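Below is one structure, written out as structure tokens; the observations come after it.
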């Protein structure tokens, strides 16, 4: 017997590597290739530094009010956290408490089973079909909750809102979480449904479309009752999860909508160019509504291409996992980065 | 049956209020009355804003390396989190997993039972004696882990290192956490014991002595094995808890040791003056080694004094809890704030 016998032992999620080379092309963690809104820089310089001695706003209203106004909901419908990972972790802890199996796709964000394990939540994965599409019927059995990303990661595939609604409607006794980390890049959001279904929680992040992965801000929008339960659990874990920089800089990123839309347009334009070029080079992929392309090559193995690109300091994401171990998840970079990638692939495959 | 039946329902911790008045004197949440180190301000202006688009360093080495060097331990002995609340919450989740009751004092940081509840950890409080002192024998029964602050909160009472060591030594099968949020203000740290006992975790915060409550940085130091287990659970909850501002500003606060020591000396000097004046006005209190005084008055009830001070926009902390409902926890402010407090009390009591 020793203290080690009483330790919770887990296999943690492994985030994408964060290499640091001067000339690298980093297309492995779906970050935004453009900097955050100029207001963020301005606020960094103007932030009342001496106020850092005080606890930040516990209810984070600076941020929830701004998000509520932007998304046309009430502040009582908004929950914020340290990236959408923190939001989803809290939501697992809060809503998946029945002891029944929760459901999510077999090919999806690989953090879902990790959260389930750390909180002791049983789960059952539901296989996507051969085109990486969800099958609505799979989500109509007894369950303790449902979560899926839309568009899905790492496939980039978007399900129509009709399927999302069908699943929510079929599960009034479960909370259904729709993880919309990538929706800004052309997907259709389930947000219009939050006033219709009180069991729907929509989750978003600043890390992709708002170019603030380094700030760690995510949020959820849902029925005020859901948000109240979520806040109760959050306040039982940490009174102040959002630090002052997150609150103040996070607000700036929402206020500048013109910059936001311009960034999205640029990323989408580059993505479409990348699709054309990848196709030309013999890749195929499900149509992507996200800021990445999930591609497989007709001749060369994904692992081989991954290692080749790595040797040229071009970093993409390769998952050695069932069903997807011959795919690469390639983030959309700047035009220049996309060109370096395509040129390198041309050299190998052309 | 509804989705609400499956929700984890908790009674959350209530943090001290954060009033916003122009001329208030805020002595209710033990914040530092002085701003953080000047290097923090400089870094705010110099921070590479465009890098905020990238995920922050997942292993937080910028911060753990700096802390390791300062505290003369290895980086593998340091864990950082979003305030010590995040650190302790993770530690509860990681180390208090036996199903056996954990032990902590009856009068202590009121977040301990809240964390226990949210994670389903059974606990048994151990009564402090009539002088608010811990009784070592109480911590020598079977248990699933032990936590206590030293100096204790909200009493400010410090236990000698010999008692701390006695408890650690008696519990080789449990992790013993010593929450040293207030130790910098004159207490003796258990840090020298971390290389001797692998079941000891020492927890610290930036929110008090380093004047960075608004940044949310806390840390733990212990045996590398403990830290590894803690990181595994952390990486199962959120890959990146520390945002870029926390990492970069947090480092600056450690690098300027002269400023740190000067701040501590000022707070301690004001605390000693406050003690003399409070005594003169009929208060008594256990000797405080922290940045607050936990005082009771010979005639007037604590609640009455609390409400009187509140009406003058002087905020102190009052806990309506068994054994301590006739005490006020008064944070040490600047000399000017302390004088306003004492003058107001003089008016009521003198």
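Since every read-out is calculated from the coordinates, none of them should be taken as a lab result. What you are looking at is a predicted structure, and each value in this text was computed from that prediction instead of being measured. All Cβ positions, glycine included, derive from the backbone under ideal geometry; neighbour counts span all protein chains shown.
Being part of a loop (DSSP other than H, G, I, E, B), crowded, with 22+ Cβ neighbours inside 10 Å and more than 14 Å from chain B (Cβ to nearest Cβ) is the filter here, so list the residues in region A:133-152 that pass it.
A:134, A:150, A:151, A:152
Scan region A:106-124 and tell me whether some residue there is assigned to a loop (DSSP other than H, G, I, E, B), within 14 Å of another protein chain (Cβ to nearest Cβ), within 30 Å of residue B:46 (Cβ to Cβ) and out of contact with any strand residue (DSSP E or B) (no Cβ under 7 Å at 6 or more places or on another chain).
no
Wholly within region A:1-102, which helices (runs of 4 or more DSSP H) include no fewer than the required count, namely at least 1 residues that are without any contact (Cβ under 8 Å) to a residue 12 or more places away in the chain and either more than 7 Å from chain B (Cβ to nearest Cβ) or buried (at least 19 other Cβ atoms within 10 Å of the Cβ) (or both)? Give the steps one after another, and end with the answer.
On the way: elements: A:38-46, A:61-71, A:83-95.
So the answer is A:38-46, A:61-71.
Looking at region A:130-162, which of its residues are touching a strand residue (DSSP E or B) at 6+ places or on another chain (Cβ under 8 Å) and free of Cβ contacts under 8 Å to residues at least 24 places away in the same chain?
Of everything in region A:130-162, just one residue is touching a strand residue (DSSP E or B) at 6+ places or on another chain (Cβ under 8 Å) and free of Cβ contacts under 8 Å to residues at least 24 places away in the same chain, namely A:135.
When only residues in region B:214-241 that are assigned to a helix (DSSP H, G or I) and facing another protein chain (nearest Cβ under 7 Å) count, which is surrounded by the most Cβ atoms within 10 Å (Cβ to Cβ)? Spell out how you get there, then give the answer.
From region B:214-241, those assigned to a helix (DSSP H, G or I) are B:224-234; that's our starting set.
If we keep only those that are facing another protein chain (nearest Cβ under 7 Å) as well, we get B:229, B:232-233.
Values: B:229: 24, B:232: 17, B:233: 21.
By that ranking, first place goes to B:229.
Quick one: which of B:315, B:294 is over 18 Å from the mean Cα position of the chain (by Cα) and assigned to a strand (DSSP E or B)?
B:315
Scan region B:305-321 residue by residue and report those that are without any contact (Cβ under 8 Å) to a residue 24 or more places away in the chain and surrounded by fewer than 14 Cβ atoms within 10 Å (Cβ to Cβ).
Listed by number, the residues that qualify are B:307, B:311, B:320.
Among the numbered criteria (1) over 29 Å from residue A:12 (Cβ atoms); (2) facing another protein chain (nearest Cβ under 8 Å); (3) not in a loop (DSSP other than H, G, I, E, B), which one does residue B:211 miss?
Condition not satisfied by residue B:211: (3).
How many residues, within region B:251-265, are farther than 11 Å from residue B:40 by Cα and either in contact (Cβ under 8 Å) with a residue 60 or more places away in the chain or crowded, with 18+ Cβ neighbours inside 10 Å (or both)? Working first, answer last.
Step one: list which residues in region B:251-265 are farther than 11 Å from residue B:40 by Cα, which gives B:257-265.
Now restrict to residues that are either in contact (Cβ under 8 Å) with a residue 60 or more places away in the chain or crowded, with 18+ Cβ neighbours inside 10 Å (or both): B:257, B:259-260, B:263-264.
Final tally of qualifying residues: 5.
Considering region A:243-259 alone, what residues qualify as being facing chain B (nearest Cβ under 8 Å) and not in a helix (DSSP H, G or I)? If you could, list the steps in order and put the result at the bottom.
Here is the first cut: in region A:243-259, the ones facing chain B (nearest Cβ under 8 Å) are A:243-246, A:249.
If the condition is that a residue be facing chain B (nearest Cβ under 8 Å) and not in a helix (DSSP H, G or I), then A:243 is the only one that fits.
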